[in-house]
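S.K.: Can you read through this structure? Questions will come right after.
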Amino acid sequence: MKYLLIFGLTIAVIWLWQGKRRSSIADKAKARPPKPQAKSHARQLPATEIVACDVCSVHLPQTEALIGGHGVYCSEAHRRQAEG
Ligand SMILES: [Zn+2]
């Protein structure tokens with residue numbers, strides 16, 4: 001009778017452990033879909049508009065460009081050169 005109890009307990013522990021493993025695998029599968037979204041977001045980042053400096057025609061992202069009164073410039077020096 002004692003062995004039957006131990007056997008039953010062992011089966012219950014194994015069953016619970018496998019259930020946990022299965023649910024954690026399912027969680028990992030659920031966690032996977034956001035990854036491709038993050039990749040597609042990273043692919044969208046270089047879509048920043050590229051502008052050319054009005055003085056030296058160097059191409060740079062609009063976020064790094066200096067926007068002056070008469071155009072777009074790569075540096076403060078070129079903005080001053082063009083606009084005085
Ligand atoms: Zn320039």
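S.K.: Place the peptides 63-74, 9-20 in order of packing, highest mean first, counting for every residue the other Cβ atoms within 10 Å and averaging per peptide.
M.R.: Most protected by this proxy first, the peptides run 63-74, 9-20.
S.K.: Separate question: Under a crude label model (7 Å from the Cα following the beta-carbon direction), how far is Thr10 from Glu49 in nanometres?
M.R.: In this crude label model, Thr10 to Glu49 measures out at 7.2 nm.
S.K.: Using a Förster distance of 35 Å, how high is the FRET efficiency between Thr63 and Lys30, based on the Cβ-Cβ distance and rounded to 0.05?
M.R.: Details: r = 35 Å, r/R0 = 1.00.
After rounding to 0.05, the efficiency reads 0.50.
S.K.: Right, another one. Net charge around Ala82, counting only other residues with Cβ within less than 15 Å of its Cβ (Lys, Arg = +1; Asp, Glu = -1)?
M.R.: -1
No lab work stands behind these numbers, since they all come straight from the coordinates. This is a predicted model, so every value here is computed, not measured. Cβ coordinates were reconstructed from backbone atoms using ideal geometry, including for glycine residues, and neighbour counts include every protein chain displayed.
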